[in-house]
Amino acid sequence: MMSNSYGRDELFYVAPPEPPPSRRPPPGTVGVAGWVRANLFSSTFNTILTMVTSVLLSLFLWESITWAVADAQWSVVINNIQLLNVGQYPNAELWRVELVAVYFLMLSAMGVVLWGSMTRAAMLTLAISVVLLVLIPIAATAVEPAPIRFIVGHDFNASPMRFVANEGETISLAVEPINDVDTATDENFTGLIEGAQGEQNSRIKWSEIRRQIDQGEIVLSDYNLPVLLQLLDAEGNVLAEVLSTPEHPVVNLDYQVEEDSWFIANATVVAENVNLQETDAIGLPMAPSGHAFIRIDNVSIYRTKPSDLERLRETYGEIPQVDCYTNDRLGCQTAERSLPYLGKRSPGKYLRLQLSPYISSVASSVIVAIIIFVVAFGITMLLKRFGDKSTEKWLTRINLIGWLLIIPITWVLLAGLGGENPILSLVSVPSERWQGLLLTLLLTFISVVASLPLGILFALGRRSGLPVIGTFSVLFIELIRGAPLITILFFAKNIVPFFFGSGADLDDVIRMLIGLTLFSAAYQAEIVRGGLQIIPHGQNEASMALGLNPYQTNYFIILPQALRAVIPATMSQFVSLFKDTSLVSIIGLFELLGIVELIVNGQQQYRPFVREAYVYVGIIYFVIAFVMSAVSRRLEETGSGAARRR
Amino acid sequence: MDNSNGYIIELVDVNKWFGEFHVLKDVSMKVREREVVVVIGPSGSGKSTLIRCINRLEEHQEGSIIVDGIELTNDVRNINAIRRETGMVFQQFNLFPHLTVLENITLAQRYVRRRPRRESEEKAMQLLERVGIPEQARKYPGQLSGGQQQRVAIARALAMEPKIMLFDEPTSALDPEMIKEVLDVMKELARSGMTMLVVTHEMGFAREVADRVIFMDSGRIVEIGTPEHFFRDPQHDRTQLFLSQIL
């Protein structure tokens, strides 16, 4: 009776021999429109959410961008790129940092050709980080100081300029016309309008003077201002002086330095030497008109870097006090590169005054870095393509040895061997002077490289059947994880030396490396243990049944799978380690974040712009962290594990 | 071999406990060289534990196990020697998912047998031919069907040139369509004279290939017999009950 209720085709049905052809999906369900509909406007709630979020997001973006373009004063970054990147690493030894960068770049480029996709991605990250490191303007390595030139106008005086000079050098002061208007650049024209009253509180770059010349605000032929040019010693005694008059505007003065010391150059407009008969419209005597261009040669100017200040104080004695003529809030510090343009800016001015100086100052070194990478890449590629199997084997071996030696080589290059070494005299650079991004990357790289194997050992130790090793591992892991990193760094600073006996002089950077490595290793151990736990026991059994011993089992079977499974967690641990390196500033090492404090403390004029400096540092942190996590995503997708299914 | 009177596996009064639970109770059995022995029984009867004791994946607490004249003790050298004599195939295949099929088969050859790379790859290809899937050598286990994976697992065990093959329910995790291809390989192996100890629920296989059938229940051996006798004329009540339920 049941069968009566079945429909026609229900009980007996045979499909036609051929399946029907596949059709396209209905319109509006695929493509961009389909995606938008399905993901952004699928329901009333979703629509409201989309609207609200996009309004908030645009507001946020608008505010940030207008601030960055119109208000922010990025010169704190532009003028301090070297400090941000390598801190107070001595100028004369900067080539060593660059050599390290080149070494990293070449190994990475080789590695990208030679190794599998996993390693390849990792090496690309490294290369990108290093490119950020070499953002040091290459010009910074030039030790020869450019002549200092500045301009004195008829209605303002220049503040006295303080500088140091060494025994045997010749200081040359001159008042002379600018004869290289067209070839002068911001780089070779260090000089500036000094404290133009009421007009602008800052010094102006050559490009700005050039603009004024072009607009007729400064007439070059008017370089006929009578000026008394004096060279004073640190106590203010006149050592030499020379007078420039409208009749003989071009004068110069040379002074042979007898002793390392501070000197002061002083340019004063001398009214009594000019004809004051001319009167203005209401009958008052006119001030002398025109300009004087003053040039100082062969000296290194007092820059406001605190490190330099310390060094200068040691070598040349206390900095002489001078009276400043202007209400210049930059004080009497000269030769600072200008703070181009204060106040609201249009996007065009932003590009011209803020972005392009930054790019032009870092472009050359980035381009060199990219060229080195591409050349090393190309050569390896060619050798691999046209060489036989053994060539590739050799290349791989060289690359491997290069990576194995990278930490000692980097360390020796950065620290130096001490000047006495007869073969290779590398002046030793104390690690307190490794600062900025250099220190951040160094701490991250070494503690990542050291903490991964250590973490694996502790993870295996914690799982091992031997109670002594197991207990030790658990104790280590839980102790370290139970304390904040900052505590561990204090411990590393104050306690670790005791373990090394007379190691009281153990380098601070090494102490921090020990602290960071142990800290990261404890977390790494737990991450790896998580990975080990998800490997089915059958893998172990299969391996043992084949006769592989426990070490081989771990090395060939368990660890490769466990580590791949924890790539995301491992990478996020490394990203977090990278950011945690900023904590070393608490014991007085100035890494990327700490150096900002150093910059604004040493150069008061940047104090109002500390925000910009922190934003820039934030961007650098973000770029590196983002690259790291992008690589982690790639690692998950590529390689043998991608085909894995169970 | 000579000192064990032609028996390649000898178990005498083997007892094993998992904690308080008595899994194997006075198990004694002998396997001759080139013999195929099938172990059957309900789940939880201890049959898997029994063969896992033979290559020390499980440790027995009492009694003695002698494989190819080597007594299984806590001595690591003995354990390794026995593992070199025995190959094992698992219910879940347990292939190494991060290695290709070829690497799965060559790994132990290279690092346990210390065979050069080329030689072990030749051996691996030879075995893949034998199990019928030479074209899959470069793939990863995850890209193969269950039946193919199990055949790779057999090839992997054979690559070590064992004297004994232990099979722990090799077809239980397979789709019905794939069981046959694995059983065919096992039959071929049996014909070639390999000593095999097989835990399985495939009664057809037992009937066709086995020299002897061992029936286990609650951790003890209940009945041993040739397939003809065992299936046609089981003696023990428990055996009769078991067979009536599955046949």
Segments B:16-26, A:77-87, B:177-187 sorted - mean Cβ within 10 Å per residue, highest first: A:77-87, B:177-187, B:16-26
Using Cα positions and a limit of under 23 Å, work out the lysines in reach of B:LYS30, with same-chain residues fewer than 8 apart set aside. B:LYS16, B:LYS47, B:LYS163, B:LYS187
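Rounded to the nearest 20 debye, what is the charge dipole size of segment B:42-154 about its Cα centre when +1 sits on each Lys and Arg Cβ and -1 on each Asp and Glu Cβ?
On the way: 17 positive and 13 negative charges, 89 e Å.
Using only the charged Cβ atoms, the result is roughly 420 debye.
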What distance in nm separates the simple spin-label points at A:LEU383 and A:SER356, each placed 7 Å from Cα in the Cβ direction? 4.2
Ranked highest first by the average count of other Cβ atoms within 10 Å around their residues, in what order do A:101-113, A:476-488 fall? A:101-113, A:476-488
In Å² (nearest 100), what accessible area is buried between B and A, both sides summed, heavy protein atoms only, 1.4 Å probe? 2100
In nm, to one decimal, how far is the A:ILE586 label point from the A:VAL250 one, both placed 7 Å along Cα→Cβ? 6.4
Spread of Cα-to-Cα distances over 5 Å intervals beginning at zero, given as percent, for segment B:30-107: 3, 12, 19, 22, 18, 16, 8, 2, 0
Could you give me the percent of Cα pairs per 10 Å distance bin for chain B, shortest bin first, beginning at zero and ending with the bin that holds the maximum distance? 7, 31, 36, 21, 5, 0
Which FRET efficiency value, to the nearest 0.05, is calculated for A:SER390 and A:LEU11 with the Förster distance at 60 angstrom and r the Cβ-Cβ distance? 0.25
Mind listing, in residue-number order, the residues in segment A:521-549 that have at least 20 Å² less accessible area with every protein chain present than in their own chain alone (1.4 Å probe)? A:GLY538, A:GLN539, A:GLU541, A:ALA542, A:MET544, A:ALA545, A:LEU546, A:GLY547, A:LEU548
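With all protein chains present, how much of the accessible area of segment B:138-234 (probe radius 1.4 Å) comes from carbon and sulfur, to the nearest whole percent?
Working: 1630 of 3710 Å².
Ligands and nucleic acids excluded, carbon and sulfur give 44 percent.
With a Förster radius of 25 Å, plug the Cβ-Cβ distance of B:ASP175 and B:ARG32 into 1/(1 + (r/R0)^6) and report the FRET value to the nearest 0.05. Show your work: numbers first, answer last.
Values: r = 34 Å, r/R0 = 1.37.
Given R0 = 25 Å and the Cβ-Cβ separation, E is 0.15.
Within 10 Å, count the other beta carbons around each residue, average over each peptide in A:588-596, B:55-63, A:232-240, and list them highest first.
Ranked by mean Cβ neighbours within 10 Å, highest first: A:588-596, B:55-63, A:232-240.
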State, in angstrom, two size descriptors of segment A:398-541 derived from its alpha carbons: Rg to one decimal place and Dmax to the nearest whole number. 18.4, 61
Using the heavy atoms of the protein chains and a 1.4 angstrom probe, tell me the accessible area per residue for segment A:407-481 in square angstrom. 49
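Given the Cα-Cα distance of A:PHE472 and A:PHE41 and 0.36 nm per residue of separation, how much length would full extension add, in nm? Mind showing how you got there, number by number?
Numbers: separation 431, 0.36 × 431 = 155.16 nm, distance 5.62 nm.
Working it through step by step, the gained length comes to 149.5 nm.
The values are calculated or read from the model by the stated rules, or taken from the named source; none is laboratory data. Note that the structure is predicted; figures quoted are calculated from it, not measured. Neighbour counts run over all protein chains shown; Cβ positions are idealised from the backbone, glycine included. Note: areas computed on protein heavy atoms with side chains; ligands, DNA, RNA excluded. Shrake-Rupley method; radii C 1.70, N 1.55, O 1.52, S 1.80 Å.
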